[in-house]
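Inspection log for the structure reproduced underneath, given as structure tokens.
The values are calculated or read from the model by the stated rules, or taken from the named source; none is laboratory data. Bear in mind the structure is a predicted one, so any value in this text is a computation, not a measurement. In this analysis, Cβ positions are derived from the backbone assuming ideal geometry, glycine residues included, and neighbour counts consider all displayed protein chains. In case anyone asks, the SASA skips ligands and DNA or RNA and just uses the protein heavy atoms, side chains included. Shrake-Rupley method; radii C 1.70, N 1.55, O 1.52, S 1.80 Å.
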Amino acid sequence: SGPAEEPGNPAHGIFERFLRAGECREVLGSFGELCQRLGLHGHGLQLYHGLKAALNYWSAKALWSKLDKKAGHKDYDQGTAC
């Protein structure tokens, strides 16, 4: 439970814009806005874990599941290489 799980939370809409973005500037812009809205800083795994903790609703969880599965592949050294 947390503010990002509340119905109508603005972070959800920003995340959906990020998912639908078709151009690089839209991806980067919406991602930056999302991090700012959630008060997230840093990079790499620190940022990823912060996003996962802050956005724990169905659409985000589907993406986290795919990314975690991919990161666990041997090519990524079980998530430590990337």
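Once the Cβ-Cβ distance between residue 17 and residue 74 is put in as r, and R0 is 25 Å, what FRET efficiency do you end up with, to the nearest 0.05?
E(calc), rounded to 0.05, equals 0.15.
Can you send over the carbon and sulfur percentage of the accessible area for the range 10-79, probe radius 1.4 Å, protein chains only?
56
For the range 10-79, with the dipole built from +1 on Lys and Arg beta-carbon atoms and -1 on Asp and Glu ones, taken about the Cα centre, which of 43, 32, 62 lies farthest toward the positive end?
The Cα lying farthest towards the positive end belongs to 62.
Over the Cα atoms, compute the radius of gyration (one decimal) and Dmax (the largest Cα-Cα distance, rounded to a whole number) for the range 10-79, in Å.
Just the Cα atoms of the range 10-79 yield Rg and Dmax of 12.4, 36 Å.
Between the range 16-42 and the range 52-75, what's the alpha-carbon centroid distance in Å?
16
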